[in-house]
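Notes follow the structure.
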Amino acid sequence: MSSSLEETKFILKKYNITANKRLGQNFLIDDYIIENIVNVAETSKEDLVIEIGPGLGTLTSKLLEKAGKVVAIELDEKMIKILNDRFLLYDNFKLLNEDVLKVDLQKLIDENKGNLTKVKIVANLPYYITTPIIMKLLEEKLNIDSITVMIQKEVADRITAVPGDKLSGAITYSVYYYAEPSSALFVEKNSFIPAPEVDSEVINLKIRKEPKVKVKDEKLFFDIIKASFMQRRKTLLNGLINSKLFDSKEEILDIFEKMNLNPQIRGEKLTIEQFAQIADYASKQK
Ligand code: SAM
């Protein structure tokens, strides 16, 4: 039996608690996976690590060994009590009892970075809010180096798909704009208690210094991407017509012609550069 499994069972029993499904609590019990998450993030004493959802502290404990400082954000008050008891003696640990979606993360980073050279997000994310968390981390243009997170395999497949792939969706392009994503580790359901209903994957997002493409109007660029994937079986043209982002069908067809695009093409066939081009043509005409 792995030591994380024994430890998790012991803590749950000691504090007389059960996992809260509503908060996406699936506790990691596989030492190999925990070690690997820390390794994939290349955690070192030079790093400030922000952990989202530390739960019982299984991953936190490894991070505290390897990182310069760990700041953890946990919503569940029951976990806060456990974490405070468990890491009482660590002076490189800070805990916030907050909803991560409401935290001013850049402020938190500035307050805690000190002389540390890199800032990394490392987490086994609560799956009910995977996408909003990842998009918050990227859209707020935080001063961070990388994001290493465990998420549902299905979402991981979309995020790590190459734009233009069959699996690519709006999130593929949005993430690719800000970061270089890679898949690091497949994780089976039985690596957690309770076991989630889906398989998982650890992904790593290396934050780009500059976005992948230059666009005149970032909001319009993302709105066009979202509209293109609203109805997956429709053509790009129909998605854009329904979006109301253009004055007329003719305007879109005119852009397609300038770009030499077939009007029957689907959104997932486009490169990120082509989406940027559509957005720039559209913004010029406004
Ligand atoms: N890190 C632990 C582990 O690997 O065993 C627990 C991971 S569990 C999948 C997700 C954690 O996120 C839970 O502890 C849950 O309470 C916490 N959580 C859920 N929603 C949250 C939110 N909005 N903000 C911060 N933490 C949240």
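The values are calculated or read from the model by the stated rules, or taken from the named source; none is laboratory data. Bear in mind that the values here come from a model prediction, so they are computed numbers and not experimental data. Ideal geometry is used to build each Cβ from the backbone, glycine not excepted, and the neighbour counts take in all protein chains shown. To get the accessible areas, we keep the full protein, side chains included, count just its heavy atoms, and leave off ligands, DNA and RNA. Shrake-Rupley method; radii C 1.70, N 1.55, O 1.52, S 1.80 Å.
Going residue by residue through the stretch 58-74, is there one that turns out to be buried (at least 24 other Cβ atoms within 10 Å of the Cβ), more than 25 Å from TYR128 (Cβ to Cβ) and in the same structural domain as LYS21 (by TED's automatic domain parsing)? Yes, the stretch 58-74 contains at least one residue that is buried (at least 24 other Cβ atoms within 10 Å of the Cβ), more than 25 Å from TYR128 (Cβ to Cβ) and in the same structural domain as LYS21 (by TED's automatic domain parsing). If you go through the stretch 187-208 and pick out every residue that is among the hydroxyl-bearing types (Ser, Thr, Tyr) and assigned to a strand (DSSP E or B), you end up with 1. Taking the listed residues ILE109, ILE147, the one that is in contact with a helix residue (DSSP H, G or I) (Cβ under 7 Å, 6 or more places away or on another chain), more than 10 Å from the ligand (Cβ to nearest atom) and either touching a residue at least 24 places away in the same chain (Cβ under 8 Å) or farther than 18 Å from GLY24 by Cα (or both) is ILE147, with no other qualifying.
Out of curiosity, is ASP47 under 22 Å from ILE134 (Cβ atoms), among the acidic types (Asp, Glu) and more than 18 Å from the chain's Cα centre (by Cα)? Yes: the conditions hold for ASP47.
Cβ-Cβ distances below 6 Å connect the following pairs, each with a first residue in the stretch 252-263 that is more than 15 Å from ILE224 (Cβ to Cβ), a second residue that is not small (Gly, Ala, Ser), and a separation of six or more residues or different chains: PRO263/LEU237; PRO263/PHE256. Evaluating ALA123 against the criteria (1) within 12 Å of the ligand (Cβ to nearest atom); (2) open to solvent by 40 Å² or more (accessible area, probe 1.4 Å); (3) among the small types (Gly, Ala, Ser) leaves one unmet condition, (2).
Restricting attention to the stretch 184-197, the residues being more than 12 Å from the ligand (Cβ to nearest atom) and surrounded by fewer than 18 Cβ atoms within 10 Å (Cβ to Cβ) number 5. In the set (1) over 21 Å from SER200 (Cα atoms); (2) within 12 Å of the ligand (Cβ to nearest atom); (3) touching a residue at least 12 places away in the same chain (Cβ under 8 Å), GLY68 fails one condition alone, (2).
Condition first: more than 28 Å from LYS21 (Cα to Cα) and under 15 Å from the mean Cα position of the chain (by Cα). Now tell me which residues in the stretch 147-169 satisfy that. Listed by number, the list holds a single entry, ALA161.
So is SER283 of a type in the set (Ser, Thr, Tyr), touching a helix residue (DSSP H, G or I) at 6+ places or on another chain (Cβ under 8 Å) and crowded, with 20+ Cβ neighbours inside 10 Å or not? So SER283 does not fit the description; no. A count restricted to the stretch 223-273 and to residues that are under 29 Å from the mean Cα position of the chain (by Cα), in a helix (DSSP H, G or I) and surrounded by fewer than 19 Cβ atoms within 10 Å (Cβ to Cβ) stands at 6.
Checking each residue in the stretch 13-49 for being within 11 Å of the ligand (Cβ to nearest atom), outside any loop (DSSP other than H, G, I, E, B) and open to solvent by less than 70 Å² (accessible area, probe 1.4 Å) picks out LEU23, PHE27, LEU28, ILE33, ILE34, ILE37. With the structure loaded, tell me whether VAL175 is of a type in the set (A, V, I, L, M), over 30 Å from SER4 (Cβ atoms), out of contact with any Leu (no Cβ under 6 Å at 6 or more places or on another chain) and away from the ligand (no atom under 15 Å from the Cβ) or whether it fails that test. So VAL175 does not fit the description; no. In the set (1) modelled with pLDDT under 95; (2) in a loop (DSSP other than H, G, I, E, B); (3) surrounded by 16 or more Cβ atoms within 10 Å (Cβ to Cβ), the condition left unmet by MET1 is number (3).
Taken together, the criteria exclude LYS216 from residues that are in a strand (DSSP E or B) and open to solvent by 70 Å² or more (accessible area, probe 1.4 Å).
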